[in-house]
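Engineer: This structure is in structure tokens; I'll ask about it shortly.
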Amino acid sequence: MRIKKILAAILFAACAARAGAAVVTLKDGSILRGKVLGQTPDGLELATPDGTLHVGLDRVLRVDYGAPPPSPLVPLPGVETPPPPKAPPLPLSERRQWLSLGFGLLEPVSRIDFHSIGGGSADNGDVGAQLAAQYLYFLTPRLGAGLDVDYFDRTGTLSERLFPAASASVSGDTWMMLGIVRYSFSDRGSARPFVLVGAGGARNTETVDVRPSGNWADTGTHETRRLIDDGAWTPAASARLGVDLDIDAFDPGTLTLEAGWTGLASARYGATPQGQALRLSGISAPASILSFTARYGWRF
């Protein structure tokens, strides 16, 4: 009798080594735990600590496998089997590249002036839109370097002081490309603040339209005239603060909120023939911009 028990234990261990661990939930609420040895059209064989049981298919509600089931098994008809668990995502330390696209609002904080022809000064454009794209390669989990491309559109700002006895509208746009370095203060948690600095170049345009309060002295007419309409290449720099946010609604990407300053060096913008007729040869103007940007990015 003792020999039979030893042989049975050896057989049970051999079967358990080949079988898949499972939790069988029955329709009456009972739970059986063991290892699946095999199955038949009307049920399955389950090795439990109390021995091998034949569980009829009509009694089974669900089978949950703690490990992948043995390859010979096929899904039981009418029995719910959960899908295999997803592989965990790579940690941030192993995801070296970052690509993001963004949209934002900008506020120019620099001015242009027409003092050379007896005028005054005006804001260099008004609130506008920003489009942005950014690529980073992380040298460490916190430190990344890459490229930032931005487009700024400064809408027209109205001024009654820029040109004598006239209302003026100043606008423009900027294409900018910067080499950037970004440092994150943490690589853990759902909110990770960072600082970013960059330097490069930009193609900036300036447009100034003027409409007199009365009539033009040379023609006696009241039309709007464009006095400046020119572009120039200029050095550019930027400094920004931001935070990366892991939000379920944006999974698997990351939402980034960013605010900062961008400055363009002063450049010379020539006058149009209409501006030259009014003794305006051109203007020298820097551009200084505050921006607020939301980005959606993927780290891979």
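The values are calculated or read from the model by the stated rules, or taken from the named source; none is laboratory data. None of these values were measured; they are calculated from a predicted model. Ideal geometry is used to build each Cβ from the backbone, glycine not excepted, and the neighbour counts take in all protein chains shown. We work out accessible area using only protein heavy atoms, side chains counted, and drop any ligands, DNA or RNA first. Shrake-Rupley method; radii C 1.70, N 1.55, O 1.52, S 1.80 Å.
Engineer: Whether any residue in segment 181-191 is modelled with pLDDT under 95, open to solvent by less than 50 Å² (accessible area, probe 1.4 Å) and either at negative phi or of a type in the set (Val, Ile, Thr) (or both) is what I want to check.
Structural biologist: Yes.
Engineer: Same structure again: Suppose we keep only residues that are of a type in the set (Val, Ile, Thr) and within 32 Å of the chain's Cα centre (by Cα) within segment 117-145. Which one would you say is modelled with the lowest pLDDT? Walk me through how you get there before you give the answer.
Structural biologist: Kept after step one, since they are of a type in the set (Val, Ile, Thr), are these residues of segment 117-145: 117, 127, 140.
Then keep just the ones that are within 32 Å of the chain's Cα centre (by Cα); that gives 127, 140.
Working: Val127: 96, Thr140: 92.
Top of the filtered list is Thr140.
Engineer: Could you please give the count of residues in segment 65-116 that are at pLDDT below 85 and either closer than 30 Å to Arg161 by Cα or in a helix (DSSP H, G or I) (or both)?
Structural biologist: So the count comes out to 4.
Engineer: Within segment 241-259, does at least one residue satisfy the condition of being assigned to a strand (DSSP E or B) and under 20 Å from Asp123 (Cβ atoms)? Full working, then the answer.
Structural biologist: Our first condition is that a residue be assigned to a strand (DSSP E or B); within segment 241-259, this holds for 241-245, 254-259.
Adding the requirement that they be under 20 Å from Asp123 (Cβ atoms) leaves 259.
Yes, that holds for at least one residue.
Engineer: Next question, about the same structure. Among the residues of segment 192-231 satisfying the criterion of being of a type in the set (Gly, Ala, Ser) and modelled with pLDDT under 95, which is nearest to Phe292 (Cα to Cα)? Give the steps one after another, and end with the answer.
Structural biologist: The first filter runs over segment 192-231 and keeps only residues of a type in the set (Gly, Ala, Ser), leaving 198-202, 213-214, 217, 220, 231.
Now narrow it down to the ones that are modelled with pLDDT under 95: 213-214, 217, 220.
Values: Ser213: 36, Gly214: 40, Ala217: 44, Gly220: 45 Å.
So, considering only residues that are of a type in the set (Gly, Ala, Ser) and modelled with pLDDT under 95, the one nearest to Phe292 (Cα to Cα) is Ser213.
Engineer: Condition first: open to solvent by 30 Å² or more (accessible area, probe 1.4 Å), among the aliphatic types (A, V, I, L, M) and assigned to a strand (DSSP E or B). Now tell me which residues in segment 149-167 satisfy that.
Structural biologist: Val149, Leu158
Engineer: In addition: With respect to the numbered conditions (1) open to solvent by 60 Å² or more (accessible area, probe 1.4 Å); (2) more than 30 Å from Phe185 (Cβ to Cβ); (3) not aliphatic (A, V, I, L, M), which one is the sole condition not fulfilled by Tyr137?
Structural biologist: Only one criterion is unmet by Tyr137, namely (2).
Engineer: Now a separate question. Taking Val170, is it more than 20 Å from Gly102 (Cα to Cα) and either part of a strand (DSSP E or B) or touching a strand residue (DSSP E or B) at 6+ places or on another chain (Cβ under 9 Å) (or both)?
Structural biologist: So Val170 passes the test.
Engineer: Then there is this: Being more than 30 Å from Arg211 (Cα to Cα), basic (Lys, Arg) and touching a Gly at 6+ places or on another chain (Cβ under 9 Å) is the filter here; which residues of segment 154-198 pass it?
Structural biologist: Arg182
Engineer: Sort out which residues of segment 201-223 are surrounded by 13 or more Cβ atoms within 10 Å (Cβ to Cβ) and either closer than 16 Å to Gly270 by Cβ or touching a residue at least 12 places away in the same chain (Cβ under 8 Å) (or both), and write them in order of number. Show your work before the answer.
Structural biologist: Residues of segment 201-223 that are surrounded by 13 or more Cβ atoms within 10 Å (Cβ to Cβ), as a first pass: 201-212, 216.
Listed by number, the residues that qualify are Gly201, Ala202, Arg203, Asn204, Thr205, Glu206, Thr207, Val208, Asp209, Val210, Arg211, Pro212.
Engineer: Take the residues of segment 244-274 that are among the β-branched types (Val, Ile, Thr) and over 26 Å from Gly179 (Cβ atoms): which is modelled with the lowest pLDDT?
Structural biologist: Filtering first and then ranking leaves Ile247.
Engineer: Any residue in segment 46-65 that is more than 16 Å from Ala21 (Cα to Cα) sitting within a Cβ distance under 7 Å of a residue that is among the hydroxyl-bearing types (Ser, Thr, Tyr)? List the pairs, counting only those 6 or more apart or interchain.
Structural biologist: Filtered contacts from segment 46-65: Leu61/Thr25.
Engineer: Let me ask you something else. For segment 224-258: of the residues being open to solvent by 70 Å² or more (accessible area, probe 1.4 Å) and of a type in the set (Asp, Glu), which is nearest to Ser169 (Cα to Cα)?
Structural biologist: Taking the candidates together, the pick is Asp229.
Engineer: Determine if segment 262-276 includes at least one residue that is outside any strand (DSSP E or B) and touching a helix residue (DSSP H, G or I) at 6+ places or on another chain (Cβ under 7 Å).
Structural biologist: no
Engineer: Of all residues in segment 153-190, which are closer than 21 Å to Ala133 by Cα and hydrophobic (A, V, I, L, M, F, W, C)?
Structural biologist: Trp175, Met176, Met177, Leu178, Ile180, Val181
Engineer: Still on this structure, I have one more. Which ones in segment 275-288 are modelled with pLDDT under 95 and either within 17 Å of Phe152 (Cα to Cα) or surrounded by fewer than 16 Cβ atoms within 10 Å (Cβ to Cβ) (or both)? Please lay out each step first, then the result.
Structural biologist: From segment 275-288, those modelled with pLDDT under 95 are 275-287; that's our starting set.
If the condition is that a residue be modelled with pLDDT under 95 and either within 17 Å of Phe152 (Cα to Cα) or surrounded by fewer than 16 Cβ atoms within 10 Å (Cβ to Cβ) (or both), then Gln276, Ala277, Arg279, Ser281, Ser284, Ala285, Pro286, Ala287 are the ones that fit.
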